[in-house]
Amino acid sequence: MFSTIRIQTAAFDVGAETRVLGQVSSQVGAITSFTGLVRDINDDAGVSSLYLEHYPGMTERQLAEIVAEAAERWQVLAATVIHRVGELRPTDPIVFVGVASLHRGDAFQACEYIIDYLKTRAAFWKKEQTEAGARWLTTRDSDLKTAANWQADDASPKKS
């Protein structure tokens, strides 16, 4: 399996990243991607910016482990995870997860798995700037519950 993990300050090109996934193998039958954007509101507070930090080396290793786990469960031919750090503004792209597979079902499930675990297991810290001042964000309960649903499925056989 081919994988790319990048943490960067620069914006990324979703189209270019998707094209790279499609060129990995002539066996690619499906590419699924998720692009997360910075919102201008969170918990009813206006957000003017979002600042992200990470733990260099450790964060990339955690992301690589999540991608490897997805590849064990589904027929993943290639995966790309790009996460931005630094200061971002509303509507800026913050994260890209792309998965290439033989079939759409594997691509969809692996992509969803990767983003769900990225949000709960990767070492990123987010600080929002709002009208009321700056605040550090914590992992949402809804994200923890979503990740827990995958854990309930961990004993199931590899899907294809």
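The values are calculated or read from the model by the stated rules, or taken from the named source; none is laboratory data. A quick note: this is a predicted structure, and the numbers were derived from the prediction, not measured. Here the Cβ positions follow ideal geometry from the backbone for every residue, glycine too, while neighbour counts run over all protein chains shown.
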**Study point:** Residues of segment 1-24 satisfying the condition of being charged (D, E, K, R) and part of a strand (DSSP E or B)
**Key:** Arg6
Practice item. Six or more apart or on different chains, Cβ under 8 Å: which pairs go from a residue in segment 74-96 that's on the phi > 0 side of the Ramachandran plot to one that's in a strand (DSSP E or B)? Could you list them? Key: Gly86/Tyr51; Gly86/Leu52; Thr91/Leu37
Check your understanding: Among the residues of segment 32-44, which ones are out of contact with any Lys or Arg (no Cβ under 8 Å at 6 or more places or on another chain), over 22 Å from Ala10 (Cβ atoms) and not acidic (Asp, Glu)?
Key -> Ile41, Asn42
Revision key, fill the gap. In segment 28-51, residues that are over 24 Å from Ala71 (Cβ atoms) and either free of Cβ contacts under 8 Å to residues at least 12 places away in the same chain or part of a strand (DSSP E or B) (or both) total 12
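Results for (1) modelled with pLDDT of 95 or more; (2) outside any helix (DSSP H, G or I); (3) among the small types (Gly, Ala, Ser); (4) more than 27 Å from Phe2 (Cα to Cα), shown as yes or no for each residue.
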residue: Ser26; (1), (2), (3), (4): yes, yes, yes, no
residue: Glu53; (1), (2), (3), (4): yes, yes, no, no
residue: Gln62; (1), (2), (3), (4): yes, no, no, no
residue: Ile66; (1), (2), (3), (4): yes, no, no, no
residue: Leu77; (1), (2), (3), (4): yes, yes, no, no
residue: Val81; (1), (2), (3), (4): yes, yes, no, no
residue: Glu87; (1), (2), (3), (4): yes, yes, no, yes
residue: Val95; (1), (2), (3), (4): yes, yes, no, no
residue: Val99; (1), (2), (3), (4): yes, yes, no, no
Exercise for review: Check Thr35 against each of (1) over 20 Å from Trp150 (Cα atoms); (2) surrounded by fewer than 20 Cβ atoms within 10 Å (Cβ to Cβ); (3) more than 14 Å from the chain's Cα centre (by Cα) and name the one condition it does not meet.
Suggested key: (3)
Practice item. Hey, can you tell me all the residues within segment 101-133 that are in contact (Cβ under 8 Å) with a residue 40 or more places away in the chain and part of a strand (DSSP E or B)? Key: Ser101, Phe124, Trp125, Lys126, Lys127, Glu128, Gln129, Thr130
